[in-house]
Each structure stands twice: as structure tokens, then as C-alpha cells.
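Read through the structure below, which is laid out as C-alpha cells, and then see the notes.
The values are calculated or read from the model by the stated rules, or taken from the named source; none is laboratory data. Predicted, not measured: the structure shown is a model, and the values here were computed from it. When we count neighbours, we look across all protein chains shown, and the Cβ atoms used for this are built from the backbone with ideal geometry, even at glycine. With ligands, DNA and RNA removed, areas are computed over all heavy atoms of the protein, side chains included. Shrake-Rupley method; radii C 1.70, N 1.55, O 1.52, S 1.80 Å.
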Amino acid sequence: MFILRCVKRFISYLMFVVSSPFVKREKVGLKNLSFEELNIKDSVLSAIYTMGYEKPSPIQKETIPLILSGRDVVGQARSGSGKTAAFGIPLVEMTNIADRSVQALILTPTRELAEQVAREISNIGRKRGVRVCAIYGGMPIEPQIRRLQGGVHVVVGTPGRILDHLRRKTLNLRSIRVIVLDEADRILDMGFIDDISTILFFAKNRKQTLLFSATMPYEVINLSRKYMKNPITVKISQDELIVKHIDQYYVETVPENKLKVLKRILNEHREEKILVFCATRRKTNHIAWKLKQSGYFVFRLNGDMTQSQRNWSLESFRKPGSKILVATDVASRGIDVPTTDLVVNFDIPRNLKDYVHRIGRTGRFDRRGKAITIITQRDHSFLRKILRTNKMEKYYFKK
Ligand code: AMP
């Protein structure tokens with residue numbers, strides 16, 4: 001297993017070196033550009049300002065001009081860096097409003113992310129009249145078909161359901177201009193590679209392919225080499241596994257006392273919006289139920305729930321006010337609730353990548369965040385692994 005992993009890493013590195021001449025890498029400059037200087041239409045500018053965006057983030061500054069110039073772009077930036085608007089703004093800008101056929105298709109790994117990306121692009125394109133539709137499994141297909149028949153400019157969806165529509169011919173990509181693979185590393189992690197290849201075949205008329213990914217494993221580089229035309233890579237984060245803008249703490253206890261410790265943490269953060277991660281679906285149900293019994297304002301998010309229930313939980317958590325969401329890793333992938341104040345790891349995650357992903361649900365964009373991990377004696381080796389790359393301190397209760 002270990003040898004296999006080493007060989008894979010070595011191949012990944014080799015591919016990266018070999019691919020360098022083909023994939024140009026763009027150094028992030030220190031340009032102090034404003035949105036006005038990015039040559040964006042007034043209607044889009046006005047929508048962005050209404051959303052509260054004052055200046056472009058580094059990934060936006062770098063990628064928006066490249067996408068507007070028609071280049072294929074590989075964006076390496078973690079979720080929370082403003083990457084949705086980095087491709088959303090130029091997509092809206094380039095849409096031909098008079099033509100009601102699908103001009104842009106965005107593929108996301110999860111349903112929640114599809115919903116979130118569709119919402120953000122819809123907000124950016126509101127004043128221009130861009131019609132956006134989210135399409136994913138777990139929801140009835142008929143309303144989606146009606147929506148598509150009514151004319152949509154931008155479709156955001158998960159690979160399985162998109163393919164389903166393509167095969168039924170209820171989604172037509174004849175006029176497609178751009179295709180975006182959002183969180184490509186996660187799409188591939190989830191085993192969607194064949195679906196992606198088929199969708200890219202359906203979208204062969206496209207002029208541009210964009211790929212966004214937090215990490216660049218061999219599979220992602222391979223995808224970009226196979227399906228993109230002379231792409232420019234824009235790399236923003238130095239190391240995906242180092243998180244500096246989140247204050248990280250741990251509390252040690254014995255397994256029987258974990259719930260008690262969780263309640264103490266929640267009591268000390270009463271005014272906050274808190275995301276609690278558990279290892280399994282059953283555990284989320286159990287912990288949410290126990291907290292509810294003790295009078296906490298709690299929602300759940302896990303794969304056992306129907307898609308409508310999941311959407312409802314996330315929407316309720318998103319609304320202003322302090323509340324708690326108890327979730328599994330899978331269900332919460334890519335979720336963006338910018339006002340999340342605290343992440344609590346009730347159970348430790350499977351690996352460092354998942355840890356960084358979990359705590360990244362707080363400290364979105366340029367905010368600071370806080371994360372507390374509850375550990376027991378058997379989690380010491382995981383704690384050491386985190387401490388190798390991240391600063392983490394012992395958490396002391398106030399009383
Ligand atoms: P993302 O990386 O796309 O998930 O974005 C993370 C969060 O940053 C989202 O809540 C966005 O609405 C927000 N955001 C994106 N761009 C900007 C910007 N230029 N200024 C302020 N907030 C932004």
C-alpha cells in the first residue's frame with residue numbers, strides 16, 4: 001500500500017515536471033486591481049457591489065482577464081478564496097442574453113455545491129438577465145426538464161444527473177461556449193472520471209474549458225492535458241495543507257465524556273454559528289438528537305436524508321442567527337456559509353486533507369475562523385500529523 005502510494009506520488013511529480021512546457025504557470029502578481037479595471041459591464045459591477053464584494057480576491061484578479069480573453073485556465077485555489085466568482089463573473093459577462101440556449105455548463109462534485117454555485121452566479125447575473133439552473137440527482141427530474149425547456153443560459157450540476165439529461169436529450173449543448181470543472185480533485189475522488197469524459201464529448205463544440213481544483217494530483221493534471229487547449233495555470237495557495245487564518249485548538253478527554261465536552265464548547269460559544277463534524281451518519285443523528293434533547297437549536301446534514309431535507313437543513317443554518325449544524329464530511333463538501341464562526345470536530349477526520357477541508361468551512365474569504373478538535377488518547381498520532389504543518393493549541397475552558 002505504502003509502496004503503491006510512493007509510486008503514485010512519484011508519477012504525479014514526474015507528470016507535473018513533464019507537463020510544465022505544455023501548461024504555462026502564471027505567477028501571482030501584486031497588482032492592486034479594482035473590479036472596474038477588470039473591464040466588466042456596469043450591470044455586472046452593480047450586482048457584485050450589491051453582493052458586498054468591494055475588491056477582487058487574488059484568484060479573481062488573475063483569472064478574470066484570462067477567461068475574458070478566451071484562454072483555457074487551470075485555477076489552483078482552495079474553496080473560500082472566491083473561486084466561484086472568479087469564473088462566474090466572466091461567464092456572466094460573456095453570456096449572449098438574446099440567445100436562450102445553454103452557453104455555459106459547470107460541473108460540481110456535490111449537489112450542495114451545485115446549488116451554491118448556481119445561487120452565486122444567478123446573483124452576479126441578476127441585473128444582466130442571465131438565467132441559471134441547478135441540476136442534480138435526488139430531486140425529481142420533471143421540474144428540471146421544464147426549467148431547461150424554458151430557456152437557460154448557464155447550467156450548474158453534478159455529473160450523473162447532467163449525463164442523464166444529455167442522454168434523454170433534455171439538455172442540449174449545441175451552443176455551449178464554456179465548460180467549467182469546479183473542485184476537479186473532488187469530482188475525480190468521487191469516481192466521476194468516465195462521466196466527465198462522456199460529458200466533455202457531448203460538449204465538443206465548446207470554445208473554452210476551465211478547471212478549478214484545490215490540489216493538483218496526477219489525475220487532475222492528466223485531465224487538463226487531455227481536454228484543455230494550452231491552458232494557463234494560476235496558482236494561489238502555496239500549500240493546501242497549511243491553514244494560517246484559522247485559530248486551531250484541541251481538547252483532550254476520554255471517549256465517554258466527548259458529548260459533555262462538546263456541550264461545554266457550545267455553551268462557551270452561545271452566540272455563534274457552529275458546524276459540528278461527526279465520523280458517521282448514525283453519529284450525526286445521535287449527537288443532533290442528544291443536543292436537541294438538551295435544548296440546543298440544532299440541524300443535521302447527512303447522506304441518509306433526502307435531498308429536500310438536506311437543502312432545508314442547509315438553508316436553515318444559512319439564515320442569520322446562532323445555531324448548530326451536525327454534519328458528516330461527505331454531506332458538507334464544498335458548503336459555504338460565510339458566517340460560520342466555529343467548527344468543532346467531534347470525531348477526528350480520516351486524514352489531514354479532510355481536516356483542512358472541514359476547518360475551511362469557517363474563516364471564509366478574508367475572515368478569520370476558529371476550530372476546536374475533540375481528541376482522545378488514541379488520536380495522538382493524528383494530532384502529531386496536524387502539528388507537523390499547522391499551529392494548534394490546547395483549548396482552555398473559561399471556567
Ligand atoms: P468561494 O471560494 O467561491 O466558495 O467563495 C467564498 C466566499 O467568498 C463566498 O461566500 C463568496 O460569496 C465570497 N466572495 C467571493 N468573492 C468575494 C469578493 N471579491 N469580496 C468579498 N467576498 C467574496
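Across the stretch 290-304, what is the number of residues that are among the hydrophobic types (A, V, I, L, M, F, W, C) and over 14 Å from A327 (Cβ atoms)?
1
Looking at this structure, is N230 in contact (Cβ under 8 Å) with a residue 60 or more places away in the chain, loosely packed, with under 14 Cβ neighbours inside 10 Å and not hydrophobic (A, V, I, L, M, F, W, C)?
It is true that N230 is in contact (Cβ under 8 Å) with a residue 60 or more places away in the chain, loosely packed, with under 14 Cβ neighbours inside 10 Å and not hydrophobic (A, V, I, L, M, F, W, C).
Quick one: how many residues across the stretch 200-223 are surrounded by fewer than 22 Cβ atoms within 10 Å (Cβ to Cβ), within 19 Å of the chain's Cα centre (by Cα) and modelled with pLDDT of 95 or more?
Adding up the residues that qualify gives 1.
Please name all residue pairs, on different chains or six or more residues apart, with Cβ atoms under 7 Å, provided the first residue is in the stretch 110-128 and is more than 16 Å from I97 (Cβ to Cβ) and near the ligand (Cβ under 9 Å from one of its atoms) and the second residue is open to solvent by 10 Å² or more (accessible area, probe 1.4 Å) and part of a helix (DSSP H, G or I).
Cβ pairs passing all conditions: V117/T84; E120/T84.
Of all residues in the stretch 143-161 being touching a Phe, Trp or Tyr at 6+ places or on another chain (Cβ under 9 Å) and closer than 18 Å to R119 by Cβ, which is most open to solvent (accessible area, probe 1.4 Å)?
Taking the candidates together, the pick is R161.
State yes or no: is I386 within 16 Å of the chain's Cα centre (by Cα), within 27 Å of F212 (Cα to Cα) and of a type outside the set (F, W, Y)?
Answer is no for this residue.
Could we say that D182 is acidic (D, E) and open to solvent by 20 Å² or more (accessible area, probe 1.4 Å) here?
no
Go through (1) under 22 Å from I335 (Cβ atoms); (2) away from the ligand (no atom under 15 Å from the Cβ); (3) more than 17 Å from the chain's Cα centre (by Cα) for Y136 and report which single condition fails.
For Y136, the failing item is (3).
Working only within the stretch 283-306, note down all residues that are touching an Asp or Glu at 6+ places or on another chain (Cβ under 9 Å) and open to solvent by less than 10 Å² (accessible area, probe 1.4 Å).
Restricting attention to the stretch 283-306, the residues satisfying the condition of being touching an Asp or Glu at 6+ places or on another chain (Cβ under 9 Å) are 283-285, 301.
Matches in the stretch 283-306: T284, L301.
L66 passes all but one of (1) over 23 Å from V337 (Cβ atoms); (2) within 16 Å of the ligand (Cβ to nearest atom); (3) not aromatic (F, W, Y); which number fails?
Of everything listed in (1) over 23 Å from V337 (Cβ atoms); (2) within 16 Å of the ligand (Cβ to nearest atom); (3) not aromatic (F, W, Y), L66 misses just condition (2).
Out of curiosity, is N222 farther than 24 Å from S322 by Cα and free of Cβ contacts under 8 Å to residues at least 12 places away in the same chain?
The answer is no for N222.
From (1) at pLDDT 95 or above; (2) within 12 Å of the ligand (Cβ to nearest atom), pick out the condition that doesn't hold for F35.
Status for F35: all satisfied but (1).
Which of (1) open to solvent by less than 20 Å² (accessible area, probe 1.4 Å); (2) at pLDDT below 95; (3) farther than 30 Å from E219 by Cβ; (4) within 10 Å of the ligand (Cβ to nearest atom) is the odd one out, the single condition I48 does not satisfy?
Unmet for I48, out of (1) open to solvent by less than 20 Å² (accessible area, probe 1.4 Å); (2) at pLDDT below 95; (3) farther than 30 Å from E219 by Cβ; (4) within 10 Å of the ligand (Cβ to nearest atom): (2).
Somewhere in the stretch 97-106, is a residue within 15 Å of the ligand (Cβ to nearest atom) and in contact (Cβ under 8 Å) with a residue 24 or more places away in the chain? Walk me through how you get there before you give the answer.
We begin by selecting, within the stretch 97-106, every residue within 15 Å of the ligand (Cβ to nearest atom); these are 106.
With the extra rule that they be in contact (Cβ under 8 Å) with a residue 24 or more places away in the chain, the set shrinks to 106.
Yes, that holds for at least one residue.
For the stretch 375-399, enumerate the residues that are in a loop (DSSP other than H, G, I, E, B) and open to solvent by 50 Å² or more (accessible area, probe 1.4 Å). Break it down into steps so the answer makes sense when it comes.
Initial filter on the stretch 375-399 (in a loop (DSSP other than H, G, I, E, B)): 376, 390-391, 395-399.
The answer is K391, Y396, K398, K399.
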